[in-house]
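See structure below.
The values are calculated or read from the model by the stated rules, or taken from the named source; none is laboratory data. Just so we're clear, the structure is a prediction, and the values are computed from it rather than from any experiment. Glycine gets a Cβ as well: all are built from the backbone with ideal geometry, and neighbour counts include every protein chain shown.
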Amino acid sequence: MPDASVLTQSGKPHQVTDEALEELKGALRGSVLLQQDEGYDGARAIWNAMVDRRPALIVRCAGAADVRRAVALAHDHNLVVAVRGGGHNIAGNAVCEGGLMIDLSTMTSVRVDPQKKTAWVEPGATLGDLDKEAQAFNLALPVGINSTTGVAGLTLGGGFGWITRKYGMTIDNLIAADVVLANGDLVRASETENPDLFWALRGGGGNFGIVTAFEFRLHDVGPEVLSGLVVHPLDGAAELLQAYRDIAASAPDELTAWVVLRKAPPLPFLPEEWHGREVLVFAVCYCGDMAEGEKALAELRGLGKPIADVVAPHPFTGWQAAFDPLLEPGARNYWKSHDFAELSDAAIDDLLAAIKTLPTEECEVFIAHVGGAMSRVPEDATAYPQRKSHFIMNVHTRWREAEQDADCVGWARSLFDTMGRYAVGTVYINFMPDDEADRVEAAYGPNYKRLAEVKAKYDPANLFRMNQNIQPKG
């Protein structure tokens, strides 16, 4: 194995000798990849095709011992470090240029205890891995809406989805985590063990260490939920959104209803003449009794004259993966996000005006209505503070050719600026692209100072800085 020149945090190269690489390789259960090795390009490829970075060295970990060895190498030589779980993060922080990439993607074990209603999950597992294992026992964890998303990154940033209003965020259901710290120590974080670290992990991102195992509390869900799409023409969308706003305000916790604004994809249940035309979509999920769900959804489904209504009982695992075909890897993606306390008439008007100028067929804006159990957690109980924002908007531009970068990124930024006048100032860090370092402190609001103190305790040299970075308080 030839030597590797790996970039340090100071910008200078560190030469990892052939002997050192062979020693590392022999100590691992996993593997080591250099740029010329077979499998290297596959290991560095992530969901967002805008990110095309080449680490000098990739350590593919098979367990916590491998992670400790990789972190020790990084710590001893102050290397640039990226940590990959599912590789789905919009900012592309899973992969670095010229540094050491610690790859957890082969650590995919999920173990469910149906009696205790808990799950033990490794950091390379995806939402799909977890959903399938938990649903074998009609159990579920509140997670996101794309089954290929990694559990680790989603959790560390907060985690919300179709059953969050009923059962809280992903972090609200975290019982404990095993964490490799910057000095190589493996520690456990829970309410009683390293509680300051446990607090920070619940929303503070990858700033404090590498989680090698999560323990979650699960809930009785499924095997079916009342779910699906109600698709409307964009004409009349202002009135629809105003009515939706009122319905959402009194919705039971079991009901989640989100809005998607985009050009209609060629879905089989949509008339062909609507393909490629602007539409408003209500995406809904009711996670309780089916008969009660029909009642709870009656008013929303009764609005306007929809093009299609495909709300019906669906397997929970199927609904969790329903949007996967629209979010496959290989496309270029850029996101901008705001939190809102309400959707004013003026905000609705500005949003709808922008939808008429979508730059590509795959671009969309979605608005998630949250609240419920999520909002009943005190803002200082976890690092994630945005408990009172009832709507989360993600401007998701998606395209195929690099020549479209300027148009798509520019469109997203313009809409973001326009909608900023209605926002509360916070942001969900999992939706932040890599050019928003200036928003990190505002994202955490009153919790930022405490996070900086925890960072200084557990990672004073800021080894783990390829994230939405929290500077150690010195």
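You will find that of 291, 346, 308, 353, the residue that is over 28 Å from the mean Cα position of the chain (by Cα) and without any contact (Cβ under 8 Å) to a residue 40 or more places away in the chain is 291 and no other. Restricting 241, 174, 181 to residues that are touching a helix residue (DSSP H, G or I) at 6+ places or on another chain (Cβ under 7 Å), in contact (Cβ under 8 Å) with a residue 12 or more places away in the chain, more than 22 Å from residue 370 (Cα to Cα) and not β-branched (Val, Ile, Thr) narrows the list to 181.
Is it the case that residue 450 is buried (at least 16 other Cβ atoms within 10 Å of the Cβ), in a helix (DSSP H, G or I) and not assigned by TED's automatic domain parsing to the domain that holds residue 79? Break it down stepwise before answering.
Numbers: buried (at least 16 other Cβ atoms within 10 Å of the Cβ): yes; in a helix (DSSP H, G or I): yes; not assigned by TED's automatic domain parsing to the domain that holds residue 79: yes.
Here the answer is yes, as residue 450 does meet what is asked.
Among the criteria (1) surrounded by fewer than 24 Cβ atoms within 10 Å (Cβ to Cβ); (2) under 19 Å from the mean Cα position of the chain (by Cα); (3) assigned by TED's automatic domain parsing to the domain that holds residue 8, the one residue 128 does not fulfil is (3).
Scanning the range 13-70 for residues that are more than 25 Å from the chain's Cα centre (by Cα) and in a loop (DSSP other than H, G, I, E, B) yields 17, 28, 29, 30, 34, 35, 36, 37, 38, 39, 56. Does residue 82 count as small (Gly, Ala, Ser), part of a strand (DSSP E or B) and either modelled with pLDDT of 95 or more or under 23 Å from the mean Cα position of the chain (by Cα) (or both)? The answer is yes for residue 82. When you go through 99, 63, 42, 30 one by one, which is the residue that is among the small types (Gly, Ala, Ser), under 28 Å from residue 336 (Cα atoms) and either buried (at least 21 other Cβ atoms within 10 Å of the Cβ) or in contact (Cβ under 8 Å) with a residue 12 or more places away in the chain (or both)? Only one candidate passes the filter, namely 99. So for the range 17-25 (the condition being modelled with pLDDT of 95 or more and either touching a Leu at 6+ places or on another chain (Cβ under 7 Å) or under 17 Å from residue 152 (Cα atoms) (or both)), does at least one residue qualify? Checked against the condition, which is being modelled with pLDDT of 95 or more and either touching a Leu at 6+ places or on another chain (Cβ under 7 Å) or under 17 Å from residue 152 (Cα atoms) (or both), the range 17-25 yields no hits at all. Being polar (S, T, N, Q), surrounded by 19 or more Cβ atoms within 10 Å (Cβ to Cβ) and modelled with pLDDT of 95 or more holds for only one residue in 462, 430, and it is 430.
Remark: pairs (first residue in the range 184-207, outside the structural domain of residue 84 (by TED's automatic domain parsing) and assigned to a helix (DSSP H, G or I); second residue polar (S, T, N, Q) and modelled with pLDDT of 95 or more; Cβ separation under 7 Å; 6+ apart in sequence or on different chains) = 198/190; 199/382; 205/467; 205/468; 206/467; 207/467; 207/469. Restricting attention to the range 212-226, and to residues there that are assigned to a strand (DSSP E or B) and more than 21 Å from the chain's Cα centre (by Cα), which single residue is surrounded by the fewest Cβ atoms within 10 Å (Cβ to Cβ)? Selected residue: 220. Would you confirm, using the coordinates I've provided, whether residue 229 is part of a strand (DSSP E or B), surrounded by 19 or more Cβ atoms within 10 Å (Cβ to Cβ) and outside the structural domain of residue 172 (by TED's automatic domain parsing)? Judged against the criteria, residue 229 is a match. The set of residues in the range 244-287 being hydrophobic (A, V, I, L, M, F, W, C), closer than 16 Å to residue 343 by Cα and surrounded by 15 or more Cβ atoms within 10 Å (Cβ to Cβ) consists of 247, 248, 251, 257, 258, 259, 260, 261, 280, 282.
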